[in-house]
1. Leaving ligands, DNA and RNA out of it, report the carbon-plus-sulfur percent of the accessible area of the chain at a 1.4 Å probe.
2. For every other residue with a beta carbon closer than 12 angstrom to the beta carbon of G143, add +1 if it is Lys or Arg and -1 if Asp or Glu, then tell me the sum.
3. Using the charge dipole of region 1-147 (Lys, Arg: +1 at Cβ; Asp, Glu: -1 at Cβ; taken about the Cα centre), state which of T117, V63, S47 has its Cα farthest towards the positive end.
4. So what is the 222 nm mean residue ellipticity for the chain from helices alone, if each DSSP H run of at least 4 adds -39500 (n - 2.57) and you divide by all residues, rounding to the nearest 500 deg cm²/dmol?
5. Determine the dipole magnitude for region 58-145: charges of +1 sit on the beta-carbon of Lys and Arg, -1 on that of Asp and Glu, nothing else is charged, the reference point is the Cα centre, and the result goes in debye to the nearest 20.
6. Once R0 is set to 41 Å, what does the formula 1/(1 + (r/R0)^6) return for the Cβ-Cβ distance between L224 and R204, expressed as a FRET efficiency to the nearest 0.05?
7. Counting DSSP beta bridges with both partners in region 134-248, what percentage is antiparallel, nearest 5?
8. Once the other residues with Cβ under 9 Å from the Cβ of L127 are scored (Lys, Arg +1; Asp, Glu -1), what is the net sum?
Amino acid sequence: MVASGKPDYATLDLPSPPADRPYVLINMVMSADGKVVIEGTERGLGSSADQRLMRELRVNADVVLNGASTLRASGTSSRLGAEDLETIRLRRGKTRQPIAAVLSRSGDLPLASAFFTRRDFDAVVYLSDSAGPDRREALSATGRAVHLVPAGEEAPAALRHMRRDLGAEVLLVEGGPKLNGDLFARDLVDEFFLTLAPLVVSGRRGLTAVEGSQEPTIEAVTRLDLVAAVPNPNTGELYLRYRTRRSA
């Protein structure tokens, strides 16, 4: 645990992954009143220091996953955006950039976005087999790999494919809240990185970092152990790292 400043997320010492899925990290930024979007996106919540930490986390990942809503609202990629971070990956024997991935039930995705048009990073679409064949064809026509996953089991099937077929040991999930909620509900999250921003968004509505479809109960909560809490006096942010508590 660091007293203050900015933690080093580029050189994490992570446990080995399970046999059937990668070791799963979730990273989110949240306002002091618990909101993760302003005017529909997360932009405006985190500082440049928080953005740097997001890219440092990507250094550890073999795959960076987003939900379809996040791709539609904010776009997504797996780029590191810094030569020093790419060098760290290359020294570890990894590719220059992680694989970018998106999970979609409908296949309604912005085909003109960088996720589909850029070629400086590899990408894969995990598409529910309930999506229509026209959407599958449109996605495949972009040149990105499309992997069908069974309806209702999209997330665990995608994680199995990452581990077994892509050889992914570490997965970084960057939202959105519904995808986070599904992963937590299925006990598929190992660590939760959360930047607490010094902002109050207010408003009657607003997504939280983890959204679920069921009414919460005490018995069903996921309990976490605090690994680190690092305040940044320059930005007013608090960088939190939790590990999921599991019984032996």
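1. Details: 6010 of 12260 Å².
Roughly 49 percent of what the probe reaches on the chain is carbon or sulfur.
2. Values: positive: R118, R119, R144; negative: D122.
Its environment carries a net charge of +2.
3. Projecting each Cα onto the dipole axis, the largest value belongs to T117.
4. Numbers: 7 runs with 61 residues, N = 248.
That comes out to -7000 deg cm²/dmol.
5. Magnitude of the dipole: close to 200 debye.
6. Details: r = 28 Å, r/R0 = 0.68.
So, using R0 = 41 Å, E works out to roughly 0.90.
7. Details: 14 of 14 bridges.
If I count the DSSP bridges inside region 134-248, around 100 percent turn out antiparallel.
8. On the way: positive: R105, R135, R136; negative: D129, E154.
Result for the local shell: +1.
The values are calculated or read from the model by the stated rules, or taken from the named source; none is laboratory data. Keep in mind that what you see is a predicted model, and the values were worked out from it rather than measured. Cβ sites come from the backbone with ideal geometry, for glycine too, and all protein chains shown count toward neighbours. The accessibility values were calculated without ligands, DNA or RNA, using every heavy atom of the protein model including side chains. Shrake-Rupley method; radii C 1.70, N 1.55, O 1.52, S 1.80 Å.
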